[in-house]
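The values are calculated or read from the model by the stated rules, or taken from the named source; none is laboratory data. Keep in mind the model is a prediction, meaning the values are calculated, not measured. So basically every Cβ, Gly included, is an ideal-geometry build from the backbone, and we count neighbours across all protein chains shown. Please note that ligands, DNA and RNA were not included when accessible areas were found on the heavy atoms of the full protein model with its side chains. Shrake-Rupley method; radii C 1.70, N 1.55, O 1.52, S 1.80 Å.
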Amino acid sequence: MIREYKTIQEISGPLMVVDRVRGVTYDELGEIELSDGTVRRCQVLEVNGDTAVVQLFENSAGINLAESKIRFLGHPLQLGVSGDMLGRVFNGMGEPIDGGPAILAEEFRDINGLPMNPAARDYPNEFIQTGISTIDGLNTLVRGQKLPIFSGSGLPHAALAAQIARQAKVLDAPASSHGEDAAIRPAESGAGASNFAVVFAAIGITFEESNFFVEEFRRTGAIDRTVLFTNLANDPAVERISTPRMALTAAEYLAFEKGMHVLVILTDITNYAEALREV
């Protein structure tokens, strides 16, 4: 049963202290209802006895301690997943921001998933062609592996990430058991591309960078096979932490439930690490 509390004791920046809570757990999602009916979301950062510290996803302006109430929803942050996510743009909390309709979720998944047992994974040996000769020739990307790209200030890492998302290709399985060469499946829209998807998460970027990614994917047609999550630099730190987890949750759904080959691109991990340190 969901309980509502009117025991908010203190607000300091994005943090809020709530007293006399029962059954509240770490990472649990909450909703704060203001006196005018406005609802803002928050997440539990710490529980000490009957006192909980929560962090707001939005700003704390206009919250009256005496007249506001908070309720905890009994579950952590979740993402509604569906095959209709392809071709859509979401914010760091998994909400559509491209002006399209809301996603009709087939299921809701906890974004705090458990890591896969490495011993249970297939040996990675399937080549992914990025279209970048230096990567393909010297630091080959293989399905099931990670490829870190380190960049200095002022270098065009955003353009490189967009180029990889646009040009990536995967290998088809061999045509038969007689050893015929496997064919490259093109990343562009069209025949043979329906089983390949890119999940792109931009973390802590500027509005100009976000607009660049969206327009670049739309211009080249890559948006049709891409799920794009964008978190801006002025968004809350807790959203910045959730963004890559949203992306990986969407990728796992497309891979394991829809049987697709999925390439996940995360940029910029430095901003994610800064948000972790801030929290």
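When segment 48-70 is limited to residues that are surrounded by 18 or more Cβ atoms within 10 Å (Cβ to Cβ) and among the β-branched types (Val, Ile, Thr), the one that is farthest from the chain's Cα centre (by Cα) turns out to be ILE63.
Of all the criteria given as (1) touching a strand residue (DSSP E or B) at 6+ places or on another chain (Cβ under 6 Å); (2) open to solvent by 50 Å² or more (accessible area, probe 1.4 Å); (3) farther than 21 Å from GLY87 by Cβ; (4) modelled with pLDDT under 85, the one not satisfied by LYS169 is (3). Residue check: GLU208 meets all listed conditions (1) modelled with pLDDT of 85 or more; (2) closer than 25 Å to ARG121 by Cβ; (3) surrounded by fewer than 16 Cβ atoms within 10 Å (Cβ to Cβ); (4) within 20 Å of the chain's Cα centre (by Cα) but one, namely (2). Entry remark, segment 220-243: residues being on the phi < 0 side of the Ramachandran plot and either open to solvent by 10 Å² or more (accessible area, probe 1.4 Å) or without any contact (Cβ under 8 Å) to a residue 24 or more places away in the chain (or both) number 12 in total.
Scanning segment 106-153 for residues that are in contact with a helix residue (DSSP H, G or I) (Cβ under 6 Å, 6 or more places away or on another chain), in contact (Cβ under 8 Å) with a residue 24 or more places away in the chain and either of a type in the set (Gly, Ala, Ser) or open to solvent by 60 Å² or more (accessible area, probe 1.4 Å) (or both) turns up just one, GLY131. The C-beta contact set for segment 55-71 (first residue over 9 Å from ARG40 (Cβ atoms), second residue surrounded by 15 or more Cβ atoms within 10 Å (Cβ to Cβ) and among the hydroxyl-bearing types (Ser, Thr, Tyr), distance under 8 angstrom, 6+ apart or interchain) comprises LYS69/TYR5; ILE70/TYR5; ARG71/TYR5.
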